[in-house]
Each structure stands twice: as C-alpha cells, then as structure tokens.
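Encoded as structure tokens, the structure appears first; notes follow it.
Throughout, read-outs are computed from the coordinates displayed, never taken from laboratory work. Quantities reported herein were computed from a predicted structural model and do not represent experimental measurements. Positions of Cβ are generated from backbone atoms using ideal geometry, with glycine treated the same way; all protein chains shown enter the neighbour counts.
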Amino acid sequence: MPRRATLSLFFFAFAASSLVAQSSPATGSVAPGYDALAQVPGIISNPLTQPTLSPGALLLMELEGRFEKAVVAGGGKAFGMWFADDAVTLNNGKPAVHGHAAIAAQANWDPKTYQLTWQPQGAQMGPSNDMGFTWGHYEGHAKDKNGQPVVVSGRYFTVWKKLPDGTWKVAMDASADEPPAAGECCVLPKP
C-alpha cells in the first residue's frame with residue numbers, strides 16, 4: 001500500500017478512535033473494551049465522502065449527528081442533556097435562555113407529539129481545537145388541535161466547547177425561521 005494511503009488510513013483510524021473517546025451525555029463514560037474500528041460504519045460524517053472536511057470539522061459534524069439522533073429518540077429531555085452548565089439558547093422572537101437547568105426545563109416536548117430533526121451542513125473548529133461551531137437546517141413536525149400536520153423549519157447554529165474532562169457540550173444554540181424565498185428578501189412593502 002503506498003505510504004500516502006497508509007498514512008490516510010492511519011489518520012482515519014486515529015480520528016475515529018478520538019470520537020470514541022468522547023463520552024455521550026447520557027452515560028458520561030466510554031464503554032470498556034470499545035473497539036473504534038468496529039464502530040466506523042456508525043460514523044455520521046465520513047471523510048471518504050466528504051474529503052474537504054478538516055478533522056476538527058469532522059468531529060463537530062459527528063457530535064451534531066449524535067445530538068440529533070439522541071433528540072429524535074428522546075425528545076426535549078435528551079435535548080437538554082447536551083448543554084453545558086453555562087450554555088445559552090437563542091430562538092426566533094424569544095428571550096435568551098441562560099444555563100443548563102433553564103434550557104432543560106424549557107425542553108419538555110415528547111418525541112411522540114413533536115419530532116425535531118436537523119441536518120448539519122457545515123462546521124468549523126477553532127484553532128485551539130477545544131471550541132467550534134456547526135450550522136444547518138432544522139424541521140419540527142407536530143399536529144395542531146385538529147390533528148392536521150404542522151411543520152416549522154429554519155436554520156440553526158450550534159457552538160460546541162470541550163470541557164476540562166474531555167467531553168463536548170453545546171455552549172450556544174441559536175435558530176431562526178426559514179429565510180424568505182428568493183426575491184422576497186429585500187423588497188420594500190408597497191403602500
């Protein structure tokens with residue numbers, strides 16, 4: 001195998017194993033005997049299909065994917081578990097929510113009645129590799145009082161930070177309604 005391919009394979013295995021070292025918010029620890037190479041198919045962001053992503057961006061995209069999967073399964077309770085103690089959320093037209101406890105208290109939806117999903121579209125890791133951000137598109141699905149489907153969608157921005165114990169948590173989550181259709185952005189209202 002050529003040296004470059006060998007180094008690439010080694011780097012991929014190293015990056016995958018560093019993802020394994022990240023604990024999940026639910027358990028706080030990594031399972032003993034965890035085999036990083038056995039888990040490669042579960043990786044959400046793949047350097048083979050997204051070769052332009054840096055290792056830091058790959059890590060953030062992977063964290064974002066784990067966050068989304070946990071929320072799909074666990075609803076608001078799972079959402080709240082991903083935030084740092086000093087986190088902030090910013091939502092369209094609502095006041096900022098400060099702190100893990102306040103965020104968790106407001107995240108009280110049941111995944112059977114409200115389904116929040118999102119897809120990261122990009123990420124950037126900071127130069128110190130202990131903080132970065134992801135952004136993308138989200139959708140929320142529910143039913144109104146008459147049982148009719150209601151869909152909300154928009155853009156989101158998540159700031160991630162690495163804690164002293166090596167785990168990653170959400171430091172800030174912000175979202176806004178879907179942008180207007182092309183041509184509607186900067187049109188002044190007609191009298």
| message | Highest mean first, how do 143-155, 110-122 rank when packing is the count of other Cβ atoms within 10 Å averaged over residues? | response | 110-122, 143-155
| field | Computed lengthening from ASP110 to LYS77, 0.36 nm per intervening residue step minus Cα-Cα distance | value | 11.1 nm
| field | Length released on extending from LYS69 to ASP177, taking residue separation times 0.36 nm less the Cα-Cα span | value | 36.7 nm
| Other-chain or far-sequence residues with amide H under 5 Å of TRP160's (modelled H) | GLY132, PHE133, THR134, ALA171
| query | For the range 97-182, what Kirkwood radius comes out of the mean inverse Cα-Cα distance, in Å? | reply | 15.0 Å
| request: Return the sequence-ordered ³J(HN,Hα) values of the range 133-148 in whole Hz as given by the Karplus equation 6.51 cos²θ - 1.76 cosθ + 1.60 applied to θ = phi - 60°, using x for Gly and Pro. | output: 9, 10, 8, x, 10, 10, 9, x, 10, 8, 10, 7, 5, 9, x, 7
| Estimated FRET transfer efficiency (ASN146, THR167; beta-carbon r; R0 45 Å; 0.05) | 0.55
